[in-house]
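Data block below; observations after.
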Amino acid sequence: MKTTKTSFIGRAAAIAALLGAGIVLAETSAPFRADVRESAGALVATGVEGLGSADGSSVTAWDTTQLDDGWTTLSSDGVTTNVIVLNGPSVVGCRMSSNETWSAGRVHVVRDDVVVPTGVTLSIAADAAVKFSEGARIVVEDGGELIVDGAMFADFADDTVGGDANMDGDATAPTTVWDDWTEGVDSNALLRVSLLDGAFSVFPSRAYTSGHALGSLPEPYRYEARFKGWRTAPDGGGEAVSADTLADDAPLLYASWEAYSLDITPASTNLAAVAGNCAFAVAANAAWTVSTDAPWISLQSEDGSGDGAVVFSVGANESTQPRSGTVRVSLAEGGLVRDFTVSQEGMEEVATPTFRPGDGTTFKASAQRVAISCSTAGATIRYTLDGSDPTMASTLYTSRGFNVFDTTTVKARAYKDGMLPSPIASVRIIRLQTLAEALDVPLWTVTTDGNAEWTVDMEVAAEVGGSSARSGDIGDDEETSLHTSVEGSGTLSFRWKTSCEDDPDDSWTWDYLVFEADDVPRAWLDGQTDWQEISLTFGAGTHTFDWTFRKDFMDGDEVGEDCGWVDRIVWTPIVAAGDMSIPVSWFEAQGLVEAGQGADEAADADPDRDGLTTAEEYIAGTDPNDPESSFTATIEIENGVPKVKWTPDLLGERAYRVLGRKSLGGDEEWEDVTDLEGHGAAEGYRFFKAEVNMPK
């Protein structure tokens, strides 16, 4: 006899399906299948993945004849399962000469007739499986004995008992004729149990006394069916019997079965892309569980028993692509499963917003109007002006449009209930600086002429991130000029630089940049220079300022970038009060004039009515709005010597003088004692006063 064993076909260990020429019961469900093959003259069980091919390609094989009985771990392509291995004989066929027992937990394959002669007993234990090749039988001769203790008999092609022993790859319908497998067997000595699908188990004969109780009866197991008890007729007919039932002369009992049933209605649904709820009905005759393989499906129902319903919800499909998932209902017993297919459409996307004007539009005016539209009817548009991506919390666009006042990146996104938001659209609207803005005098009128115009340079500036005015691109013996003008007294400052020839003789006959005020040249610059600052003061009247870059007549004298730049023009107005000039900014800081207004009248005013004009208060350093603010002189002793001090003391910003007298009577004059030690106290001066003036 040859021995072999196979692995379990992915069902629970409680299922007594026996495979191949041996039994391997899986501890848990696993994706393994077993086929029995002829290898080197012996039957070998070969394990493959549950999706493996029937021809044995790409398999992991075990020679189970080399394994001991008991639990072991089988692996295939990274998947493992725990199985129990039991070896048993493959009966080729013979005439028995001595008693034999075909053990429990094994598959016994009868390939030819097995003859049980007179005086010999063949015992087949419970939980053994016997499979018969075509035409093969167990023949009991007169005087021989066959004792069957709850074994299962089946055709060799019957996959429901012992697995796919013939390796035909299909679930062959079982053969149910007991007489085809035995000859000379007294059926009255058997307790026969019919199974739902036709295959049956044969349980042991026993001694009994007619008219007495049958006693303990076995309880068979059948996959996908529930045992309902023993009856006196097949298919649930006759009368029910129990251990207390009185036996007749020849009891023949039949198992009654109820098939497990599980159905769902409907079997699928197709949902819109929006979130929602759904349900389907369950019809079952046992407890069931519910699960899903899709994270976007949320089960609202608990597991159930008998008839019921499964309720679930789906989230919105925030994608344009459809998707599908499964809600599975599984019987706790019997292995039946039903899958409910959930299909959900992809969500339609809102059309991308469009802008007017388009991307890259430039403007020089103070503002540019921007309009946004979307072709999706009923969509709302949200937009940002700071470069950030729009959200539902961003500014809501209205049909009136809006203005941008500087170079701006506008981003927009459209939304509509039941649809995916549109892609984010953006445009960059570019405000071109004027020459006045590049020179930092945006309210001035700045013009340019000559053989080429000055332009705004966004790359070169006196300050990081700024801009400047660049001379026009001219040729030999040409010039390009920049012009502006201003009214009143003040100080003009600006910065400039050049990248051109450097005249070693400073004759100003080579390439150079010149500044002219009121048609009079005031400063020149040439060569490769960095930024330099010029500051000039002008009296009352109208003043014209011109910057001109000139090239000489010589050919081929281009050096560097062959141009000049001007930046950071600052005009600080001043008010002439007598021989002094007061910055207008001081009047603005004191709140005496509005920004940009003239201050001539304010210089002669006395807002705090203390007898001093604002110009005099400026000289003294006092507050023109506070009558208590005054210029005060005191005498303090330092190292034994009296010193005259004053408040406020503006250090080097004012010119101070100390005047002294030896007495206050008569016609004595105040004398300048500023430079005398102790302001003249050692020389008899006893009375002092301090005088403040603008520095010469």
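The values are calculated or read from the model by the stated rules, or taken from the named source; none is laboratory data. In this text, all values refer to a predicted model and were calculated from it rather than measured experimentally. With ideal geometry, Cβ positions are generated from the backbone for all residues, glycine too; neighbour counts draw on all protein chains shown. Surface areas here come from the heavy atoms of the whole protein model, side chains and all, with no ligands, DNA or RNA. Shrake-Rupley method; radii C 1.70, N 1.55, O 1.52, S 1.80 Å.
Here are some notes:
- Given Lys364/Lys497; Lys411/Lys497; Lys364/Lys416, the pairs whose alpha carbons are separated by over 28 Å: Lys411/Lys497; Lys364/Lys416
- Ranked by how many other beta carbons lie within 10 Å on average, peptides 558-568, 617-627, 307-317 from highest: 558-568, 617-627, 307-317
- Charge context of Gly308, other residues only, Cβ under 14 angstrom, K/R +1, D/E -1: -3
- Of the solvent-accessible surface of the range 441-538, computed with a 1.4 Å probe over protein heavy atoms with every protein chain present, carbon and sulfur atoms account for 43 percent.
- The packing ranking, built from the mean of other Cβ atoms within 10 Å per residue, places the peptides 465-475, 531-541 in the order 465-475, 531-541, highest first.
- Solvent exposure of the range 482-544, expressed per residue, is 46 Å² of accessible area, with all protein chains present and a 1.4 angstrom probe.
- Diffusion of the range 280-418 by Stokes-Einstein, at 4 °C in a medium of 1.567 mPa s and with Rh set to the Kirkwood radius over alpha-carbon pairs, works out to 67 µm²/s.
- Sequence of Asp158, Asp386 when ordered by accessible area, the most exposed leading, probe 1.4 angstrom: Asp386, Asp158
- Ordering 321-331, 493-503, 262-272 by mean Cβ neighbour count within 10 Å, with the highest value first, yields 493-503, 321-331, 262-272.
- Nonlocal amide H pairs with Ser301, under 5 Å, H built at 1.01 Å: Val311
- Using C-alpha pairs under 8 Å with a sequence gap of at least 6, the mean separation divided by the residue count of the range 318-447 gives a relative contact order of 25 percent.
- Straight-line reach from Lys689: taking Cα to Cα under 29 Å and skipping same-chain neighbours fewer than 8 places apart, the lysines in range are Lys643, Lys645, Lys662.
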